[in-house]
Structures are given as C-alpha cells and as structure tokens.
1. Give me the 1.4 Å probe accessible area per residue for the chain, excluding ligands and nucleic acids, in Å².
2. How far apart, in nm, are two points set 7 Å out from the Cα along the Cα-to-Cβ line at Thr83 and at Ser53?
3. How far is it, in nm, from the label point at Met12 to the one at Cys61 when both lie 7 Å from their Cα along the line to the Cβ?
4. Per the 1.4 Å probe, what fraction of the accessible area of the chain, in percent, lies on carbon and sulfur atoms?
5. Return the single residue from Ile78, Ile48, Ile27 with maximal mean-square fluctuation; model: Gaussian network over the chain, springs between Cα atoms under 10 Å.
6. Working with all protein chains in place, sort Leu94, Leu39 by solvent-accessible area computed with a 1.4 Å probe, largest first.
7. For log10 I(q)/I(0) by the Debye sum over Cα atoms at q = 0.14, 0.17, 0.22, 0.24 Å⁻¹, pick the label among (i) -0.60, -0.84, -1.22, -1.34; (ii) -0.54, -0.78, -1.22, -1.37; (iii) -0.51, -0.72, -1.07, -1.21 that corresponds to the value derived from the coordinates.
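The values are calculated or read from the model by the stated rules, or taken from the named source; none is laboratory data. Worth saying up front: this structure is predicted, and the values here are computed from it rather than measured. Note that each Cβ is placed from the backbone with ideal geometry, even for glycine, and that neighbours are counted across all protein chains shown. These area figures cover heavy atoms from the full protein model, side chains too; ligands, DNA and RNA do not enter into them. Shrake-Rupley method; radii C 1.70, N 1.55, O 1.52, S 1.80 Å.
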Amino acid sequence: VGACVLCANGNMYTGANVENATYGATICAERNAINKAILAGEKEFEAIAIMSSSNDYTFPCGICRQVMVEFSPEMKVIVAKNTEDYKVFTAAELLPHFFNGDDIKWEQ
C-alpha cells in the first residue's frame, strides 16, 4: 500500500506500509505519510490518496481513520483502484462519531 498526503501549503509527503510479523507493529502507509508531514512541521492537511496493487479500492484501517480525523476531519480521502478509478470521501465520513481531544476528561 502506498499513500501521499497533500498539505494546505501544497507540500506532499509519501508513505508505504512497513510490515511486521506481528500485524500490530505494522505501520500503515497513511500514518507513515502523515507522520512524515508532521515531523516536517506540517499541521494542515487537504487530502490523502491511497492505492495498492490489489486492483480494489484501498480503504484506510480504523487506526488510520482515527489519525486522519484528529488532524483534519474534512481532509479528502481518495481511495483508488488505479489512477482513473477512485472514490473520494472526507475523513469524517469514513469515521463518523470519531473520538477527539474534547472526549478526554481529566479529573483530579
């Protein structure tokens, strides 16, 4: 799986799956690309495109959806079979009723 995130300033960052024998330690392409952008100081995301060699729409996993909505609920998520056959959603459409920082309650 490969992904490319487009930032509000036009910069783009790519990522690829980094597989691990224990799936829990795998880093998805989407989070890989977003993390690279964040490490470069980016904070505003316009879109992310996701594609794989499967010839099917490549949807992000739940963890990636959560990361996307925390940074930009209105970010466009482009899931593609190929460069001509794709669908576009917002991150919030892919993860309605998402958890955000307002849900964290600190009690002393």
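1. Details: 6860 Å² over 108 residues.
On a per-residue basis, the chain sits at 63 Å².
2. Roughly 1.8 nm, to one decimal.
3. Roughly 2.5 nm, to one decimal.
4. Working: 3710 of 6860 Å².
Of all accessible area on the chain, carbon and sulfur atoms account for 54 percent.
5. Ile27
6. Details: Leu94 20, Leu39 155 Å².
My answer, sorted largest first, is Leu39, Leu94.
7. It is the value labelled (ii).
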